[in-house]
Amino acid sequence: MSELPRITDLTQAGFRELAETHGIRPFRGDQAYEWVMKKGVRRPDDMSNLPKPFRDVLRTNLDCEDPIVEWSDDSRTTTDKLYMRLPDGDGVEAVLICEGRRTTVCLSSQVGCPVGCTFCASGLLGLRRNLSAGEILDQFIELRKRTRALERRISNVVMMGMGEPLLNYDAVVHALQVLNDPKAGGIGARHITVSTIGLGKGVKRLAQEGKQYTLAFSLHAPDDETRSELIPFPGTLSIAELMDAAHEYLRDTGREVTFEYVLLEGVNASARHAKQLADLLKGVRCTVNLIPYNENPGLSFRRPTPGAIDRFEAILRSRRIKVAVRKRKGHKILAACGQLRLRARRATSAE
Ligand code: SF4
């Protein structure tokens, strides 16, 4: 296992500084940054316009190896799932979803997750560690290679894989800046979504970043009692505080928030819950993203019937709430964060 920092961990300023420190002109650092972040080339020997001395500097100071893709799904033309093995032997998941003209990647921010949502497989694992910015960007770079092979272009990034992004704030924001940089990821801020359970300090900091990132709150229930059973994490904003935070984020960034709502049969998916939710969101400028639950063998939660899902959606629409229901193509992956890692771990432990 390399003790060196990942080459993807460096900011553009970091590349420039590395060049200058070794007596090389700083613009060479800009070139290296573009090779890595724009072209996805990590090996210095493949950076054809860099002088050999700087390629040597990169090689001796940074871990320039490509990550090992340990596991991927079989449905490559529409969705793809990567399991990337990390140098310490653990792994991380990332997802590609192609729907019409939209190509979305879903990235993880932590190995495991400390939040412990009762319906989520990542909650079963607990937190192993935070990912570095480079490890988050590695996921993007690998999925972008696959996207290019499909002659598509990534249009959207969602931080909605394993982990709570705002609990790994600095690394996540560093990664978002690189993703948003036209000389690197080239993804518009409005097309980058940060999904969070709602942590007051992190939400405020994100609003002050001066970017129009899309913020998605995991709501999952119209009342605090049900919500705290589903998301038993201390420090999570109450529902009233979430509504205030939604208003503040709109005021500070000009962006409406999204509320994520996983539909769980017998828990939060009845007509009564839909009406409660509509009352709660009356006058709040937002979109509700309904996510029919993807059943997980290790958990007892059930997906509502198609009729119940339609009824829930119809009640919200009849109350003029903007609502989207996650399409089948994506739900199997995104509604079950952590499931991929569990499967890969089971597969590797069975070897
Ligand atoms: S749903 Fe998200 S926040 Fe909750 S345990 Fe899973 S990964 Fe963590």
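The values are calculated or read from the model by the stated rules, or taken from the named source; none is laboratory data. Please read all numbers here as calculations on a predicted model, not as lab measurements. Here the Cβ is made from the backbone with ideal geometry for all residues, glycine too, and neighbour counts use every protein chain on show.
Here residue 36 passes the criteria (1) part of a helix (DSSP H, G or I); (2) more than 15 Å from residue 136 (Cα to Cα) except the one numbered (2).
Take the conditions (1) within 13 Å of the ligand (Cβ to nearest atom); (2) crowded, with 24+ Cβ neighbours inside 10 Å; residue 112 misses just one of them, which is (2). Filtering the stretch 141-168 to residues that are within 16 Å of the ligand (Cβ to nearest atom) and farther than 15 Å from residue 192 by Cα leaves 162, 163, 164, 167, 168. The condition of being modelled with pLDDT of 95 or more, over 14 Å from the mean Cα position of the chain (by Cα) and away from the ligand (no atom under 16 Å from the Cβ) holds for only one of 181, 138, that being 181. Taking residues in the stretch 224-238 that are at positive phi and among the aliphatic types (A, V, I, L, M), and partners anywhere that are within 13 Å of the ligand (Cβ to nearest atom) and part of a loop (DSSP other than H, G, I, E, B), not one pair has Cβ atoms closer than 6 Å while being at least 6 places apart or on different chains. Inspection of the stretch 186-201 identifies at least one residue that is within 15 Å of the chain's Cα centre (by Cα), in a strand (DSSP E or B) and more than 16 Å from the ligand (Cβ to nearest atom).
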